[in-house]
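The structure under discussion appears below in the form of structure tokens.
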Amino acid sequence: MKDRQELPVIDDQEVLSNTGQSLGKKIPLVSDTLPLLQVKELKKNFDLSGDLLDQFRFRGGRIIRHKRYIHAVNDVSLEVMPGEALCVVGESGCGKSTVARLVMGLLRPTRGSIYYRGQRIDKLSEKALLPYRKKMQMIFQNPYASLNPRMTIDQALLEPIRFHNPDMTEGELRERKSEVIKSVGMDPSWGNRYPHEFSGGQRQRISIARALMVDPEFIVADEPLSALDVSIQAQVLNLLRKAQQQRGLTYLFITHDLAVVEHFGSRVAVMYLGTVCEVAATKTLFSTPKHPYTQALLSSVPRLWDDQPRHISLPGEVPTQIGQPKGCVFQGRCPHANDRCRRYSPQLNAQSDGSLVACHGIEEGRI
Amino acid sequence: MALLEVRNLEVSFRTREGIIKPLRDVSFTLNQGERLGIIGESGAGKSILAFAILNLLSRPGYISGGQVLFDNQDLATLSEKRLRSIRGSRVAMIFQDPMTTLNPVMTIGQQMIESLRAHRKISRKDARVIAIQKLKQVQIPSPATRIDQYPHELSGGMRQRVTIAIALLLDPLLIIADEPTTALDVTIQAEIISLLLDLCVSNNVGLVLITHDLCVLSQMTRRMIVMYAGRIVEQGPTKEIINDAQHPYTQGLINALPQLSIPGTELKQIPGAVPGLQHVPSGCAFNPRCEFSMDICTRVEPGFTCSGGCSVACHMVEELVNSMGEDL
């Protein structure tokens with residue numbers, strides 16, 4: 001795992017560095033039909049019960065132990081193909097960030113499995129995970145919190161690569177650092193500065209650079225644009241796309257901003273209350289949304305040149321995820337819900353245009 | 001009739017590095033029942049403007065020039081006592097985060113009754129009736145039971161509905177809403193937008209909407225102001241500006257929207273970042289990021305040029321308009 005495999009750069013890709021040494025980022029050798037990342041029936045509960053003593057309740061003349069869980073992620077199955085940008089969208093509390101953290105191994109799943117290039121990684125020890133950490137990197141939402149304020153930019157960038165490549169010489173390290181820094185549009189001479197000396201957009205560039213340092217092939221980005229101003233969002237989004245094209249990166253992109261999804265994603269997974277309700281190619285999803293929740297979500301996005309905003313109004317609010325959900329998670333707010341929806345939870349079913357939808361109504365042809 | 005007229009408003013902050021001016025030369029008028037949007041990135045001075053209109057700035061900030069005429073009174077020089085009788089009753093404010101505007105240790109009813117009784121001589125009982133009626137107006141289900149709940153018992157969207165109900169409590173003439181939907185999810189945002197719009201139209205209330213989201217602004221307002229580094233750069237009818245922006249900064253903001261570009265292509269971006277207020281560039285504040293920057297832009301701050309229905313602070317637009325005038 002230590003040796004970086006040098007593979008030829010594909011001709012039509014612009015080589016970003018002018019330092020002489022090309023990055024030589026390998027294009028995935030696995031055939032494109034095999035998913036890079038596969039998540040199967042992933043489940044994550046967070047325990048709310050508190051201390052052991054807090055769990056005891058006196059009920060009906062007996063003391064019983066009472067436990068409460070938040071079902072943050074329920075039976076989520078996803079596949080990320082090499083080279084694509086799979087966007088996960090949903091409102092706050094739908095479990096999208098939990099999925100990102102589970103995939104990165106920052107949280108341990110309650111049930112289910114995660115495969116990276118066919119290898120199961122969710123049960124690995126910290127040590128056995130190391131080679132995967134080098135291939136999978138994460139970009140966080142808030143660049144003010146994800147950079148250590150007491151480390152200079154150079155230190156922050158060099159720490160991960162030194163750790164993962166102990167035999168790289170100082171010269172190689174420096175060369176790599178200046179190449180990556182340039183590729184995110186920053187000046188290598190700024191390396192001695194501290195994070196507080198940079199603006200939000202620049203800090204997010206630094207966190208992207210830090211993720212790119214170890215030459216990853218898969219990046220999980222959790223709301224990387226939310227903390228940024230509009231004009232800066234465009235800069236960072238362009239940067240992420242450039243990195244994808246030049247390094248053959250694969251993204252799992254978590255966001256709540258549907259305009260960004262439409263622009264950036266190759267496929268979209270829509271989440272609601274810890275479950276995936278629709279997965280489709282971006283174009284398909286935005287032209288023909290199928291799940292009632294997806295339809296309501298898309299209609300809520302404010303658009304320019306839209307004098308008479310007309311959105312599908314959903315009754316009620318997003319319920320909590322405490323207690324075992326019964327039936328379809330959306331049934332309480334769905335205008336098409338019937339008895340079956342209230343009892344059984346729907347499975348993702350393939351549609352004629354290749355999208356996957358979890359809805360009894362669509363299955364029965366009611367919607 | 002002009003409901004609110006802001007004339008050459010200037011706000012200064014005393015800091016250790018000297019006096020900085022987060023707001024300079026801001027003038028606009030708002031008629032009764034009109035809806036005006038103010039857009040800008042962080043640091044553009046839009047929230048300072050909202051606070052300055054109600055004279056709510058606290059040290060080290062102060063209004064260092066200009067007038068805020070509301071109903072023929074200058075709010076910038078009015079006594080604190082007179083201001084208190086206007087704030088909340090004639091002019092109401094809605095803030096971004098309802099959790100920080102609502103008092104967590106008081107029930108919703110207590111907060112509403114308190115502000116009603118601060119401005120009007122009415123009994124608790126009558127105040128409660130009005131409060132329940134306002135909660136009903138903002139479509140809170142079972143308002144009679146909700147009124148006795150605490151803010152933490154409500155969801156985010158519900159809380160923002162309560163702050164809107166509080167704003168409407170004393171039938172104000174003007175509502176200033178500072179990023180009212182930014183903390184909310186899109187489906188909730190859509191509900192709040194249509195609610196606020198309906199209430200403004202049906203009660204003929206003026207609205208000053210402060211936002212960073214051009215799409216929200218375009219849905220809610222007829223006229224808009226674009227701010228950059230403490231100054232207005234463009235002002236005019238919302239439709240006209242969105243369809244045909246004149247100022248390069250406004251053009252940049254609109255072009256940077258992902259929803260207007262072809263998916264999968266590179267977004268048009270504005271290079272650089274918003275300048276800090278200590279280092280506002282000389283001349284036009286936008287000149288270091290502007291692709292049309294000329295020699296004059298670095299030296300002289302542009303005045304306002306009328307172009308169509310808009311007024312624009314840009315040397316390039318000024319030259320264009322002048323040359324067109326000569327041709328005629």
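The values are calculated or read from the model by the stated rules, or taken from the named source; none is laboratory data. Remember, it's a predicted structure, so these values are computed and weren't measured experimentally. Methodologically, a virtual Cβ is constructed for each residue, glycine included, from the backbone with ideal geometry; neighbour enumeration extends over all protein chains shown. Ligands, DNA and RNA are stripped out before the accessible areas are found, and what is left, the full protein with its side chains, is counted by its heavy atoms. Shrake-Rupley method; radii C 1.70, N 1.55, O 1.52, S 1.80 Å.
Which of the residues belonging to region A:173-196 are out of contact with any Ser or Thr (no Cβ under 7 Å at 6 or more places or on another chain) and surrounded by fewer than 14 Cβ atoms within 10 Å (Cβ to Cβ)?
Matches in region A:173-196: A:187, A:189, A:196.
Among the residues of region B:85-105, is there at least one that is at positive phi and in contact (Cβ under 8 Å) with a residue 40 or more places away in the chain?
Yes, region B:85-105 contains a residue that is at positive phi and in contact (Cβ under 8 Å) with a residue 40 or more places away in the chain.
Among the residues of region A:314-350, which ones are among the basic types (Lys, Arg) and either touching a Ser or Thr at 6+ places or on another chain (Cβ under 6 Å) or under 18 Å from residue A:296 (Cα atoms) (or both)?
Correct list: A:333 only.
So, of the residues in region A:121-160 that are outside any loop (DSSP other than H, G, I, E, B) and of a type in the set (Lys, Arg), which turns out to be least open to solvent (accessible area, probe 1.4 Å)?
Checking each candidate, the answer is A:134.
Would you please name the residue that is farthest from residue B:182 (Cα to Cα), looking only at residues in region B:97-114 that are of a type in the set (A, V, I, L, M) and open to solvent by less than 80 Å² (accessible area, probe 1.4 Å)?
B:113
Could you list, in sequence order, the residues of region B:201-219 that are more than 22 Å from residue A:301 (Cβ to Cβ) and either away from chain A (no Cβ under 14 Å) or assigned to a loop (DSSP other than H, G, I, E, B) (or both)?
Listed by number, the residues that qualify are B:202, B:203, B:204, B:205, B:206, B:208.
Right, residue A:114: assigned to a strand (DSSP E or B) and modelled with pLDDT of 90 or more or not?
yes
State whether one or more residues within region A:274-284 are over 30 Å from residue B:256 (Cα atoms) and within 13 Å of chain B (Cβ to nearest Cβ).
No.
Confirm whether residue B:173 is hydrophobic (A, V, I, L, M, F, W, C), closer than 29 Å to residue B:44 by Cα and away from chain A (no Cβ under 14 Å).
yes
Keeping to region B:35-60, report how many residues are within 13 Å of the chain's Cα centre (by Cα) and either outside any strand (DSSP E or B) or charged (D, E, K, R) (or both).
The qualifying residues number 15.
Just one of (1) modelled with pLDDT under 95; (2) aliphatic (A, V, I, L, M); (3) in a strand (DSSP E or B) trips up residue A:107, so point out which.
Result: residue A:107 passes all but (3).
Identify, from the list A:254, A:232, the residue that is part of a strand (DSSP E or B) and of a type in the set (Val, Ile, Thr).
A:254
Which members of region A:220-232 meet the condition of being touching a residue at least 12 places away in the same chain (Cβ under 8 Å) and within 7 Å of chain B (Cβ to nearest Cβ)?
Of everything in region A:220-232, those that are touching a residue at least 12 places away in the same chain (Cβ under 8 Å) and within 7 Å of chain B (Cβ to nearest Cβ) turn out to be A:229, A:232.
Within region A:173-184, can one find any residue that is outside any helix (DSSP H, G or I) and in contact with a helix residue (DSSP H, G or I) (Cβ under 8 Å, 6 or more places away or on another chain)?
yes
Would you say residue B:310 is surrounded by fewer than 18 Cβ atoms within 10 Å (Cβ to Cβ) and hydrophobic (A, V, I, L, M, F, W, C)?
no
Is it fair to say residue A:221 is among the small types (Gly, Ala, Ser) and more than 16 Å from the chain's Cα centre (by Cα)?
Here the answer is no, as residue A:221 does not meet what is asked.
For region A:85-120: of the residues being on the phi < 0 side of the Ramachandran plot and over 17 Å from the mean Cα position of the chain (by Cα), which is most open to solvent (accessible area, probe 1.4 Å)?
Across region A:85-120, the extreme among qualifying residues is A:111.
Pick from A:300, A:287: which is free of Cβ contacts under 8 Å to residues at least 24 places away in the same chain and at the interface with chain B (Cβ under 7 Å from one of its Cβ atoms)?
A:300
Could you check how many residues of region A:337-353 are part of a loop (DSSP other than H, G, I, E, B) and open to solvent by less than 60 Å² (accessible area, probe 1.4 Å)?
Here the count works out to 5.
I'd like to verify a number: residues in region B:74-94 that are part of a loop (DSSP other than H, G, I, E, B), open to solvent by less than 60 Å² (accessible area, probe 1.4 Å) and over 15 Å from residue B:62 (Cα atoms), how many?
Qualifying residue count for the region: 2.
Write out, first by first residue and then by second, each pair whose Cβ atoms fall under 6 Å of each other, whose residues are 6+ apart or on separate chains, and whose first residue, in region B:11-33, is at positive phi while the second is open to solvent by 50 Å² or more (accessible area, probe 1.4 Å) and among the aromatic types (Phe, Trp, Tyr).
From residues that are at positive phi, there are no pairs.
Suppose we filter region A:241-261 for residues that are surrounded by fewer than 21 Cβ atoms within 10 Å (Cβ to Cβ) and either touching a Pro at 6+ places or on another chain (Cβ under 7 Å) or among the polar types (S, T, N, Q) (or both); how many remain?
The total comes to 5.
Across region B:271-308, what is the total count of residues that are among the charged types (D, E, K, R) and away from chain A (no Cβ under 14 Å)?
Within region B:271-308, residues that are among the charged types (D, E, K, R) and away from chain A (no Cβ under 14 Å) number 3.
May I ask you to verify whether residue A:289 is open to solvent by 20 Å² or more (accessible area, probe 1.4 Å) and either part of a loop (DSSP other than H, G, I, E, B) or among the small types (Gly, Ala, Ser) (or both)?
Yes.
Every residue in region A:266-279 that is closer than 18 Å to residue B:259 by Cβ and not in a loop (DSSP other than H, G, I, E, B), please.
The answer is A:268, A:270.
Go through region B:231-270 and report how many residues are more than 21 Å from the chain's Cα centre (by Cα), at the interface with chain A (Cβ under 8 Å from one of its Cβ atoms) and not in a helix (DSSP H, G or I).
9
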